[in-house]
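Trainee: Here you go, one structure.
Since every read-out is calculated from the coordinates, none of them should be taken as a lab result. Predicted, not measured: the structure shown is a model, and the values here were computed from it. Glycine also receives a Cβ, built like all others from the backbone with ideal geometry; neighbour counts cover every protein chain displayed.
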Amino acid sequence: MPPRGRTVKIQIETRQKKQKVRKLFLRKVARRILSVSGCPEAELSILVVDDAEIRIINRDYLQRDKPTNVISFAMREGEGGDLCPELLGDVVISAETAARDAAEAGIPYEHELVFLLLHGILHLLGYDHERSGAAEAERMEAREREIFALLHEEFLAP
C-alpha cells in the first residue's frame with residue numbers, strides 16, 4: 001500500500017464505445033498487479049481504444065501497419081528513464097481485439113482485458129518475449145500465469 005496521503009496514480013481513458021470498460025475494476029486490477037510485482041507506488045496510464053486507433057499507434061511507433069491487442073510504452077527505458085522511477089509508462093489496449101480474441105477462445109471479455117493489462121504492465125516492468133529470446137519469453141509467460149491465477153481468484157472467479 002502507498003504511504004498515507006499518497007494516492008497511486010493510475011490514469012484510465014477509454015476512446016472507444018463498442019465494449020464496456022469498467023474503469024474502477026481495471027484500476028483495482030492494475031493496483032494489484034503493481035503490488036504483487038513489488039512496485040505498489042508505481043504510476044501508469046491505461047488507454048483503451050478500438051482497432052482503428054491501435055493500428056495507427058502500432059504503425060506510427062512500431063512500424064507494424066495492423067491492429068494488435070496491446071502495446072506498452074515504458075518510461076523507464078532509454079535516456080532519462082531514471083528521472084522519475086515511479087512512472088512506469090503507458091499501456092494501450094484494443095477493446096475490439098480483446099473482445100474478438102475472447103470470443104474465439106471461449107472466455108469472458110473481461111478475462112482477456114485483465115490478461116492484456118497484465119501483459120502490458122509486465123512489459124513496462126522490463127519483461128520481454130519478443131527481443132530477448134526463448135528463455136526470457138518463458139520467464140515472462142511463467143510470471144503471467146502466476147499473476148493471472150491470483151487475479152482470477154481475486155477478481156474473476158464466480
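Trainee: Relative contact order of the chain: what whole-number percent is it, with Cα pairs under 8 angstrom and at least 6 residues apart?
Mentor: With pairs under 8 Å counted, the relative contact order is 21 percent.
Trainee: Now for a different question. Over the chain, consider all pairs of different Cα atoms and compute the Kirkwood hydrodynamic radius from their mean reciprocal separation; express it in Å, one decimal.
Mentor: Hydrodynamic radius (Kirkwood, Cα pairs) of the chain is 16.1 Å.
Trainee: If I model a spin label as a point 7 Å beyond the Cα along the Cα-Cβ vector, how far apart are those points for ASP128 and ARG31 in nm?
Mentor: So the label points at ASP128 and ARG31 sit 3.3 nm apart.
Trainee: Right, another one. Would you kindly derive the ³J(HN,Hα) couplings of segment 135-144 from the backbone phi angles with the Karplus curve 6.51 cos²θ - 1.76 cosθ + 1.60 (θ = phi - 60°), listing them in order in whole Hz, with x for Gly and Pro?
Mentor: Per residue, the Karplus-derived 3J(HN,Hα) values read 4, 5, 4, 5, 4, 5, 4, 5, 5, 4 Hz.
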